[in-house]
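The values are calculated or read from the model by the stated rules, or taken from the named source; none is laboratory data. This structure is a prediction, so every number in the text was calculated from the model and none was measured. Note: ideal-geometry Cβ built from the backbone for every residue, glycine included; neighbour counts use all protein chains shown. With ligands, DNA and RNA removed, areas are computed over all heavy atoms of the protein, side chains included. Shrake-Rupley method; radii C 1.70, N 1.55, O 1.52, S 1.80 Å.
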Amino acid sequence: MNVFLNNENIVRNITGLIKKKSMKNLNKNTTKRKQNNNFIVYIHIRPDINEPFYVGKGVPGREIRLCGRNQHWKNIVNKNNGIFVPKILFEELTEEEALLKEREIELDLKNKGYILSNIIECGVKAGTTGMKHSEESKRKISEGLKGHISPNKGKKQSKETCDKKSKSMLGKKVRLGVKDSDETRKKKSEAFKGRIYSEESKQKKNEKLKDKNIYVFYNLLNGEKFKGTRREFQDKFNLNGGRLSQLINNKISKYKNWIKYEKN
């Protein structure tokens with residue numbers, strides 16, 4: 001009988017075996033957890049054959065994230081239309097405990113014949129989570145990247161790729177309602193100070209911002225009709241840009257006896 005008939009059986013089987021093995025030497029009597037006891041160990045299950053294909057550890061939330069995955073992992077998930085089933089096996093661990101459990105699970109699954117997408121051996125990257133580069137390391141990295149040309153430079157993505165990215169972002173409200181702190185706003189302001197744009201860049205930006213739609217405006221006072229872009233209309237009759245925007249967006253019904261008659 002296949003003990004991995006469903007996801008719950010997979011989790012129950014793995015956790016049961018691990019607890020019977022060398023996990024006994026871990027302190028199971030710890031009741032008060034410190035702030036750094038926030039690591040989890042998880043597996044990913046592929047829905048097409050209902051088998052585990054990846055073992056990982058991290059902080060809560062890592063089990064559902066797509067970033068930082070290797071190409072083998074991506075290939076498996078892509079074959080399943082982007083779907084995988086994350087299952088947390090252990091939680092509230094120190095990083096050392098998580099690394100040990102991760103390694104035990106990896107070995108146990110491999111001994112059972114499961115093929116995992118893990119490229120790096122589990123449990124060998126202790127102490128790297130949350131690591132920050134020193135200023136010297138940052139400088140060396142910066143120097144090493146100088147003159148490096150990205151292989152994607154100059155390449156344009158196909159319409160199919162752009163459509164896929166667009167669909168994948170639908171419904172995702174990235175940073176919606178998130179406000180930058182005063183410190184962050186100050187840093188952004190300092191970063192843009194002294195930046196000088198070329199005339200060509202300014203012209204390109206202006207072209208992008210121009211409303212090239214054709215509008216028809218009608219004057220209720222003298223019956224005059226105008227057809228053209230908003231910029232042409234604004235310049236000809238010396239109108240206020242803000243008030244004209246309100247008229248175009250139907251926030252006001254009339255501006256200096258002009259109404260938006262129709263839009264072609």
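Points worth noting:
- Modelled FRET efficiency - R0 22 Å, Ser198 with Lys146, Cβ distances, 0.05 increments: 0.50
- Accessible area of Phe53 (1.4 Å probe, protein heavy atoms only, ligands and nucleic acids ignored): about 0 Å².
- Protein-only accessible surface order, largest first, of His44, His148 at 1.4 Å: His148, His44
- Net length available on complete extension from His72 to Asp211 is 45.5 nm, with 0.36 nm assigned per residue and the Cα-Cα distance removed.
- Carbon plus sulfur fraction of accessible area for region 179-264, probe 1.4 Å, in percent: 46
- Exceeding the 28 Å Cα-Cα cut-off - candidates Lys227/Lys254; Lys112/Lys165; Lys205/Lys227; Lys57/Lys79: Lys112/Lys165
- Amide N proximity, region 41-79 versus Ser168 label position 7 Å along Cα-to-Cβ, cut-off under 15 Å: 65-79
- Between region 47-98 and region 242-262, the Cα center-to-center distance that results, in Å: 54
- Extension gain (nm, one decimal) between Ser189 and Asn81, 0.36 nm per residue minus Cα-Cα: 34.7 nm
- Heavy-atom accessible area per residue - region 143-231, 1.4 Å, Å²: 95
- Gain upon complete extension [Ile88, Asn38; 0.36 nm per residue less C-alpha separation]: 16.7 nm
- Taking all protein chains as they are arranged and a probe of 1.4 Å, the heavy atoms of Leu239 leave approximately 20 Å² accessible to solvent.
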